[in-house]
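What follows is a set of notes on a single structure, which appears directly below.
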């Protein structure tokens, strides 16, 4: 079986500084993987490198979607190939209307798939329905993208985009950061609703608490640019008890 | 006559009346400003020095362009000015409240025009002297229809020198669009806007001249007590374009909004120059300037706000922001405050930047192609300026022209 997302011995640097030092991951359809790691372990770099952001030099290895290398693809091409990155810090876009942004993204995906653009009325209906489930008000939808949103609202808006774009690979970069308990619950419920047999998710987090809500099938510990240890969901609890130091020693 | 620059000679031009003769004399004396004249430091007119002044001698029909379609779209009465000559047919059946007169025969109006015209501006003298077409429009009451002045022309050997004086009577109100879309060699309109007490004018100036045209427009504005001008210029066309506007606030409570957008590519040169004279207290002025430059295009914004000694309680704001899409594009922004009063609120600022890489990544990471993502961010950069235009029909025109400009570089904010 070909993995939906495969990261093969991936090396990446920023400037002269190596950040990722040989990452191997294989995510199959239907699986949720968690990556845990201390600050500076390379978690965010990994999410950006997977999404194709400029400013990182890939010095070795490969990233494959359905067995095809995507390293030569631009971020928009990767997104249309099924990848979605929920940002740790969603970006404010003053002057860019929320609905036209969501529609442009959905239509880009549909055109790629050879489908017609979604008509405006049907689209508004679809967005409202999904937004309702995430507690996103009409007022928020009307505003410019992420402008004037609270931290929790921004994270919910990321999940709304994921729900609309229906990616085959969802990467969640520290989706729990800056969330209180209630917001964490809403966001996690939103993510859990998107768990599906044809989809895989990579949940990147510093803390174990998110994984109480989004229970992963596999947990990987990232430290100093390498996966130090992999295991089931119980590995997250181990980290919770003994910290990353213990894991590091075991590697 | 200044040295080091060729100057067109008007000594053989047939000119009638003392005002136009005086303008000719001033032109013969000063001609085009040379590179050492401070206000023309960023916009050099060398290319015009060798050009003869060749006004059209008769009206010739041209095919209607975007301007006429725009006028029809907004339900406006269109006055066509073709190769610098006013089409008399378009002065028939004017909307209620509008009266047209011939500036050629009206010495008083010519005097009034020169009093409004930007002083020391070459077009003030040149176009008054040459006056290929002259029009006086008197406006009374609330004009039920918008007015569109469409400056057309298809002959690159010609220079167009229309002079239009628009006088709004006390409490008159009008919505107006100027559309400059000619292919003449030199387009040099001289416009005067005289707003009496409590008069109100909403206007846009759209400049989409041919890519080989030099556009130099000079506009003079006088605002009496509680008069209100909401003006917006959009400069897109031309090889070289300078849109210069001088405003004098002469009555308390006058309000002047004078915003502009310039969009340049290739080797285009766009210059937005304004001079706002707060001659009296309790007046407000606000200028929002946005520029987007690609390739090797160059943009200039010179904005001067002058507050006279007794003009207390003046509120004068100006903010210029430019977006450079290419490393070879260039912008010169020179907002200036000259304040002689002590109780005023005035601010100015200027920024130059590029598209934000993080914002671009955010959009593209959602599958939006890069060209579309760039267009969305450029539109976002312009939209707050355009949104400040209160009349919907006018802001729609601005947005349409800006969107067309983006589409010409393959930038479109919609996925098609």
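Within segment B:353-367, is there a residue that is farther than 30 Å from residue A:102 by Cβ and either modelled with pLDDT of 95 or more or touching a strand residue (DSSP E or B) at 6+ places or on another chain (Cβ under 9 Å) (or both)? Steps first, please.
Narrowing segment B:353-367 to residues farther than 30 Å from residue A:102 by Cβ: none.
There is no residue in segment B:353-367 that is farther than 30 Å from residue A:102 by Cβ and either modelled with pLDDT of 95 or more or touching a strand residue (DSSP E or B) at 6+ places or on another chain (Cβ under 9 Å) (or both).
Does at least one position in segment B:320-327 carry a residue that is within 13 Å of another protein chain (Cβ to nearest Cβ), in contact (Cβ under 8 Å) with a residue 60 or more places away in the chain, under 30 Å from residue B:150 (Cα atoms) and in a helix (DSSP H, G or I)? No, segment B:320-327 contains no residue that is within 13 Å of another protein chain (Cβ to nearest Cβ), in contact (Cβ under 8 Å) with a residue 60 or more places away in the chain, under 30 Å from residue B:150 (Cα atoms) and in a helix (DSSP H, G or I).
Among the residues of segment A:55-71, is there at least one that is facing chain B (nearest Cβ under 9 Å) and either within 30 Å of residue A:1 (Cβ to Cβ) or free of Cβ contacts under 8 Å to residues at least 24 places away in the same chain (or both)? Among the residues of segment A:55-71, not one is facing chain B (nearest Cβ under 9 Å) and either within 30 Å of residue A:1 (Cβ to Cβ) or free of Cβ contacts under 8 Å to residues at least 24 places away in the same chain (or both), which makes the answer no.
Per-residue answers, yes or no, for (1) farther than 14 Å from residue B:339 by Cβ; (2) in a strand (DSSP E or B); (3) not assigned by TED's automatic domain parsing to the domain that holds residue B:400:
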| site | (1), (2), (3) |
| --- | --- |
| B:261 | yes, yes, yes |
| B:266 | yes, no, yes |
| B:274 | yes, yes, yes |
| B:281 | no, no, yes |
| B:286 | yes, yes, yes |
| B:290 | yes, yes, yes |
| B:296 | yes, no, yes |
| B:299 | yes, yes, yes |
| B:312 | no, no, yes |
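In segment B:395-404, is there at least one residue being farther than 19 Å from residue B:290 by Cβ and not assigned by TED's automatic domain parsing to the domain that holds residue B:180? No, segment B:395-404 contains no residue that is farther than 19 Å from residue B:290 by Cβ and not assigned by TED's automatic domain parsing to the domain that holds residue B:180. When B:385, B:373 are checked against the criterion of being modelled with pLDDT under 95 and either within 30 Å of residue A:165 (Cβ to Cβ) or within 14 Å of chain A (Cβ to nearest Cβ) (or both), B:385 stands alone in meeting it.
Among the residues of segment B:345-370, those identified as under 19 Å from residue A:143 (Cα atoms), assigned to a helix (DSSP H, G or I) and within 7 Å of another protein chain (Cβ to nearest Cβ) are B:359, B:362. Residues in segment A:81-117 that are surrounded by fewer than 19 Cβ atoms within 10 Å (Cβ to Cβ), assigned to a loop (DSSP other than H, G, I, E, B) and more than 10 Å from chain B (Cβ to nearest Cβ): 4 in all.
Taking the conditions exactly as written (within 8 Å of chain B (Cβ to nearest Cβ), surrounded by fewer than 16 Cβ atoms within 10 Å (Cβ to Cβ) and out of contact with any strand residue (DSSP E or B) (no Cβ under 6 Å at 6 or more places or on another chain)), does residue A:74 satisfy them or not? Criteria met by residue A:74.
Among the criteria (1) under 22 Å from residue A:216 (Cβ atoms); (2) within 14 Å of chain B (Cβ to nearest Cβ), the one residue A:146 does not fulfil is (1). The set of residues in segment B:382-405 that are part of a helix (DSSP H, G or I) and buried (at least 21 other Cβ atoms within 10 Å of the Cβ) comprises B:382, B:385, B:386, B:394, B:397, B:398, B:401, B:402, B:405. Exactly one residue out of B:69, B:109, B:89 is surrounded by 14 or more Cβ atoms within 10 Å (Cβ to Cβ) and closer than 27 Å to residue B:149 by Cα: that is B:109.
The values are calculated or read from the model by the stated rules, or taken from the named source; none is laboratory data. Here the structure is a predicted model, which means the values were calculated and not measured. So basically every Cβ, Gly included, is an ideal-geometry build from the backbone, and we count neighbours across all protein chains shown.
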